[in-house]
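All remarks here apply to the structure that follows.
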Amino acid sequence: MPDARPTTPPSPEALPDVTPLARIGIAHLGDALAAFGLHVRAIGLDQPIPGSFWGEAEAGLKGDTLIVREDTPVHSALHEAGHYVCMDPTRRAVLDTDAGGDYDEENAVCYWQIMVCDRLAGMDRQTMCADMDAWGYTFRLGSAAAWFAEDAEDARAWLILAGLLDDTADALIDGVRRR
């Protein structure tokens with residue numbers, strides 16, 4: 001199981017080479033996430049990101065809005081979007097910066113973000129997993145790709161039970177967790 005986020009983000013001078021939103025297009029991200037009830041708001045590179053738990057240039061969450069810049073890593077945007085999709089309505093109603101969630105939800109969010117990148121032209125699961133590893137997500141099997149392929153049954157089951165993954169089609173279901 002993953003310890004999906006490091007305890008501290010990489011320092012600005014040690015930021016890993018990960019895929020920025022500029023490479024796939026913020027509008028394209030917004031189109032993909034609209035199916036999950038999320039709005040994407042782009043801000044200028046010179047602006048601090050409201051609702052960012054990790055700080056620059058990581059994505060921010062405020063209510064049903066994901067706030068990003070062109071330098072925001074795709075993995076960050078999808079991870080925060082995954083928290084919104086996976087959290088229950090009570091937490092979603094007061095969402096501001098800290099998505100919270102328990103260990104099982106964190107695992108489900110990691111699985112969800114790997115799956116949803118299929119909806120983004122210019123992004124694939126292999127790149128998503130490499131970006132997650134580069135940023136500092138840690139997994140028992142040593143990499144996001146190995147965890148996803150060999151050790152994520154619990155995360156997959158969580159998403160199925162939450163009504164977010166169609167087990168028969170191996171595909172995400174549009175929408176958000178309702179309970």
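Throughout, read-outs are computed from the coordinates displayed, never taken from laboratory work. Everything numeric here is computed off the predicted structure, so don't read it as measured data. Don't worry about glycine lacking a Cβ; one is built from the backbone with ideal geometry, like all the others, and counts go over all protein chains shown.
Could you list Ser76, Ser143, Ser52 in order of exposure, starting from the residue whose Cβ has the fewest other Cβ atoms within 10 Å?
Going from least to most buried by this count: Ser143, Ser52, Ser76.
How many nm is it between the label spots at Ala146 and Asp170, if each spot is 7 Å from the Cα in line with the beta carbon?
Using points 7 Å along Cα→Cβ, the separation is 2.1 nm.
Only one of the listed values, (i) 56; (ii) 33; (iii) 44, was derived from the coordinates as percent of Cα pairs over 23 Å apart; which label is it?
The calculated read-out lines up with (ii).
Of the candidates Tyr137, Tyr84, Tyr103, which one comes out as most mobile in a Gaussian network treatment of the chain with C-alpha springs shorter than 10 Å?
For the chain, modelled as a Gaussian network with Cα springs under 10 Å, the answer is Tyr103.
If you take every DSSP beta bridge whose two residues both sit in the chain, what share of them, in percent to the nearest 5, is antiparallel?
Bridges in the chain that DSSP calls antiparallel: roughly 70 percent.
Can you give me the Rg/Rh ratio for region 54-150, using Cα atoms for both radii and the Kirkwood formula for Rh?
Reported Rg/Rh (Cα atoms, Kirkwood Rh): 0.95.
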